[in-house]
Amino acid sequence: MNIAAKKVDVAREAAVLLEKLGVASDLYTGGAMPSFSPVTGEQIASLKTVSAAGAAEKIEKADAAFRAWRLVPAPKRGELVRLLGEELRAVKADLGRLVSIEAGKIPSEGLGEVQEMIDICDFAVGLSRQLYGLTIATERPGHRMMETWHPLGVVGIISAFNFPVAVWSWNAALALVCGDAVVWKPSEKTPLTALACQAILERAIARFGDAPEGLSQVLIGDRAIGEVLVDHPKVPLVSATGSTRMGREVGPRLAKRFARAILELGGNNAGIVCPSADLDMALRAIAFGAMGTAGQRCTTLRRLFVHESVYDQLVPRLKKAYQSVSVGNPLETTALVGPLVDKAAFDNMQKAIAEAKGHGGVVTGGERVELGYENGFYVKPALVEMPKQEGPVLEETFAPILYVIKYSDFDAVLAEHNAVAAGLSSSIFTRDMQESERFLAADGSDCGIANVNIGTSGAEIGGAFGGEKETGGGRESGSDAWKAYMRRATNTVNYSKALPLAQGVSFDIE
Ligand code: NAD
């Protein structure tokens, strides 16, 4: 079902929301950088960009702020993040709507993204009283050994268009309680939501009272401005989310100056449907994982291996879901699938589908859905039955294409599952405990996220998020991801009257 849109003035609505969110209009009018809404493809703002020198100046300011912020007790730093969570709660509807306008997400996903920001703030507030170090048994009498965790410095954040606000909050909320300053280079496709986040944080800072000036900065610009952040010697950690192509450029530059990197890159996520799977449950999880966010999540389900014994029960039902899913303007309809981000995404999708056909793929869906917007790109999600895993199946195409492949042998499908370059998210649908445990074992899924009877997308903030191989190896959000945002010191204290050396070494001078 395609849902027709009423006429919507996205530029006007964005301006109203930005005003409500407290963003000064001179930041997004009269500038050189256009911003478009994928909903209609129209230009909605012209942003002022920062120069390379201006970016360096902001980084210096953040570094100065860090030097004061690191001395504020961590639980007090947590109070700032608590206030940020409060401010976010107050503007959830408006910010969620702006996410829908700028990233094209359906309303529940736009709101869900803001909820994720609130959740990570709550997590970080608790964390601000739990930045624990170990005490460690020492081999020397009269000594004590321990670990202390100290603030690290300025944390650079580079983010992708598809999670325009949540990724910033995953990093910023942790960095702020860890005693760091943050400098954010948002995607050039979603700068307005970044300005809104900065305004929201500034309100929290004003309520907090005595936070150092410059603690949080936003750099509006393209990848060249991202490079300034990556190369700056006063940025000891860069958390960069985006394509593997971007990670290939950013990773070596950071390594060259021995800076830390949290790389959160592309995924090519798979699910396995086993003979004992609950097919109703699998169907729903697959539909959300593969078609949700119009296939534009890093964790989107892209490859589906279905056991031959259930293939004919599951795949026709899936195809039916693909044919009937509602595609439409997310601002004006209740459609489940909104637009692709731009024409390039549409072209990439069509290219991958054509290639898949060349490898014997049989396609359901994939065609453009005309809603009357010349530059708004809506598509029917595509389900492509493939004879085997090859060609475009091996790559991430950032669009709603699900490749479906029949399998017969569990060991062979596990090997196929792992035989791609990316390693972000994975899932298995089974009620057979041996299969699920094997999937989670050392020689099972090689991804950073491995789920049982849950789809590949929609992670909670409590766990560490990230993936292996070409996904970059970074971890952010929950669990102990905070450790990357701090400097660890091992301290040994001698309270004896002797100086025994470790490992029994003697070095006696007269
Ligand atoms: P992108 O790589 O085009 O851009 C991401 C960001 O990197 C942008 O802010 C961009 O300006 C910046 N950038 C690009 N090249 C740079 C360089 N050389 N130096 C510094 N900065 C640079 O990605 P996109 O199209 O915005 O997002 C989609 C991609 O992001 C997909 O591959 C998706 O899987 C991935 N992604 C990964 C995660 C994750 O957590 N693993 C989350 C969201 C998105």
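The values are calculated or read from the model by the stated rules, or taken from the named source; none is laboratory data. All values reported here derive from a predicted model rather than from experimental measurement. Cβ: placed from backbone, ideal geometry, glycine included. Neighbour counts: every protein chain shown. These accessible areas exclude ligands, DNA and RNA; they are computed on the full protein's heavy atoms, side chains included. Shrake-Rupley method; radii C 1.70, N 1.55, O 1.52, S 1.80 Å.
Specify which of the listed residues (GLU87, GLU139, GLU116, GLU79) is within 16 Å of the ligand (Cβ to nearest atom) and open to solvent by 20 Å² or more (accessible area, probe 1.4 Å). None of the others qualify; the one that does is GLU116. Among the residues of segment 125-136, those that are of a type in the set (A, V, I, L, M, F, W, C) and either open to solvent by 30 Å² or more (accessible area, probe 1.4 Å) or part of a loop (DSSP other than H, G, I, E, B) (or both) comprise VAL125, LEU131, LEU134, ILE136. Within segment 392-418, residues that are under 19 Å from GLY266 (Cβ atoms) have Cβ atoms under 7 Å from residues that are basic (Lys, Arg) and surrounded by 20 or more Cβ atoms within 10 Å (Cβ to Cβ) in these pairs: VAL393/ARG303; GLU396/ARG302; ILE401/ARG302; LEU402/ARG302; TYR403/ARG302; TYR403/ARG303, counting only partners at least 6 apart in sequence or on another chain. Among the criteria (1) surrounded by fewer than 19 Cβ atoms within 10 Å (Cβ to Cβ); (2) touching a strand residue (DSSP E or B) at 6+ places or on another chain (Cβ under 9 Å); (3) in contact (Cβ under 8 Å) with a residue 24 or more places away in the chain, the one GLY338 does not fulfil is (1). Residues that are touching a residue at least 40 places away in the same chain (Cβ under 8 Å) and surrounded by 13 or more Cβ atoms within 10 Å (Cβ to Cβ) within segment 352-374 comprise ALA352, ILE353, ALA356, GLY361, THR364, GLY365, VAL369, LEU371, TYR373, listed in sequence order. Once segment 462-485 is narrowed to residues that are assigned to a loop (DSSP other than H, G, I, E, B) and among the hydroxyl-bearing types (Ser, Thr, Tyr), the residue that is farthest from ILE428 (Cα to Cα) is SER479. Please find, within segment 22-60, the residue that is nearest to PHE161 (Cα to Cα) out of those that are touching a strand residue (DSSP E or B) at 6+ places or on another chain (Cβ under 7 Å) and among the charged types (D, E, K, R). By that ranking, first place goes to GLU42.
Consider SER100 carefully, then state whether it is assigned to a helix (DSSP H, G or I), hydroxyl-bearing (Ser, Thr, Tyr) and open to solvent by less than 20 Å² (accessible area, probe 1.4 Å). Criteria met by SER100.
Looking across segment 420-439, the residues that are over 23 Å from the mean Cα position of the chain (by Cα) and open to solvent by 40 Å² or more (accessible area, probe 1.4 Å) come down to ARG431, ASP432, MET433, GLN434, GLU437, ARG438.
Only residues that are polar (S, T, N, Q) and modelled with pLDDT under 95 were counted across segment 203-255, and they come to 0. ARG257 falls short of the stated requirement of being of a type in the set (Lys, Arg) and closer than 30 Å to ARG368 by Cβ.
With respect to (1) on the phi > 0 side of the Ramachandran plot; (2) more than 11 Å from the ligand (Cβ to nearest atom); (3) open to solvent by 10 Å² or more (accessible area, probe 1.4 Å); (4) in a helix (DSSP H, G or I), the lone exception for PRO316 is condition (1). Taking the numbered list (1) within 10 Å of the ligand (Cβ to nearest atom); (2) in contact (Cβ under 8 Å) with a residue 40 or more places away in the chain; (3) over 16 Å from the mean Cα position of the chain (by Cα) in turn, GLU227 passes all entries but (2).
Evaluate segment 464-474: report whether one residue or more is more than 16 Å from the ligand (Cβ to nearest atom), modelled with pLDDT of 95 or more and either open to solvent by 60 Å² or more (accessible area, probe 1.4 Å) or hydrophobic (A, V, I, L, M, F, W, C) (or both). Checked against the condition, which is being more than 16 Å from the ligand (Cβ to nearest atom), modelled with pLDDT of 95 or more and either open to solvent by 60 Å² or more (accessible area, probe 1.4 Å) or hydrophobic (A, V, I, L, M, F, W, C) (or both), segment 464-474 yields no hits at all. Of the residues screened, ALA459 is one that is surrounded by fewer than 24 Cβ atoms within 10 Å (Cβ to Cβ), in a loop (DSSP other than H, G, I, E, B) and among the aliphatic types (A, V, I, L, M). Which condition number does ALA255 fail, the rest of (1) outside any helix (DSSP H, G or I); (2) away from the ligand (no atom under 11 Å from the Cβ); (3) of a type in the set (A, V, I, L, M, F, W, C) being met? All conditions pass for ALA255, except number (1).
Among the residues of segment 1-31, those identified as in a loop (DSSP other than H, G, I, E, B) and modelled with pLDDT under 95 are MET1, ALA4, ALA5, LYS6, LYS7, VAL8, ASP9. Is it fair to say THR490 is closer than 30 Å to SER427 by Cα and among the polar types (S, T, N, Q)? Here the answer is no, as THR490 does not meet what is asked.
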